[in-house]
Amino acid sequence: MRPIVTQEDKKLVGHLVKKKKQAGKHVHVYYNRKTSTGTNAYLTGKYYSAKNKKYVTYRSSYELRFFHMLEEDKNVVSYEVESVKVPYKDLDGKFRNYIPDAIVSYKDGSIRICEIKPEAMLDNVIVKRKAQACKTYFKKLFEGIDLDYRYEFITEKHLFKTPTEYSLFIQQHSK
């Protein structure tokens, strides 16, 4: 069984392929869906959060690494994973829901709405549209409240110092 690829997926991949080809780089894109053998293209699973006292779902090695970092950060009080739906319009003008990866609460009372993405995807129009919808949603939600909050992207540059560190992380956490 082949993975189901939506029009939005095709547009995203088309953008990435064009960008990489312009830079003279080889392109290989994985969809975060089941492959024909029934396995996931990405590292996925459940991770126990001591701060939240429950298991959280991760859908990529980047998300798993980010959750590890949140657990180690003494300034993080708690975090919610995929806990809010934000409406946005896709490229075809259809309303969809965007779900940010994590909402992090810090000891100083600040909140970060985090989206975990490879840096190569940050220029994508769909990614930008979702980010803008999220910023607008939270601006309205927190209107009139004195709260330090912001939306931010977490990329591989935030998560891993070197490609070797990334490879070792994958080896340690692969089943």
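The values are calculated or read from the model by the stated rules, or taken from the named source; none is laboratory data. Note that the coordinates shown come from a computational prediction; the quantities given were computed from them, not determined experimentally. Counting neighbours? That spans all protein chains shown, and the Cβs are built from the backbone with ideal geometry, glycine included. Just the protein is used for accessible areas: all its heavy atoms, side chains included, with ligands, DNA and RNA removed. Shrake-Rupley method; radii C 1.70, N 1.55, O 1.52, S 1.80 Å.
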Worksheet entry | Label-to-label distance, nm, for residues given as residue 54 and residue 42 (7 Å Cα→Cβ offset) | 2.1 nm
Fill in: Whole-percent carbon and sulfur share, accessible surface of region 50-175, 1.4 Å
51 percent
Discussion item. With just the Cα atoms defining each centre, how far is region 152-167 from region 52-125? Give it in Å.
Written reply: 16 Å
Worksheet entry | Members of 53/89; 54/128; 54/74; 46/94 lying beyond 24 Å, as alpha-carbon distances in this model show | 53/89; 54/128; 46/94
Worksheet item: In percent, how large is the relative contact order of region 100-175, given Cα pairs closer than 8 Å and 6 or more residues apart?
Response: 35 percent
Fill in: Estimated FRET transfer efficiency (residue 158, residue 97; beta-carbon r; R0 30 Å; 0.05)
0.75
Practice prompt. Return, for the Cα atoms of region 128-175, the radius of gyration and Dmax in Å, separated by a comma.
Written response: 17.0, 47
Worksheet item: When the convex hull of the Cα atoms of region 41-145 is projected onto a plane and the area is averaged over all directions, what value comes out in nm²?
Response: 7.8 nm²
Item to complete: Report, in debye and to the nearest 20, how large the dipole of region 105-152 comes out about its Cα centre when Lys and Arg carry +1 and Asp and Glu carry -1 on their Cβ.
Response: 220 debye
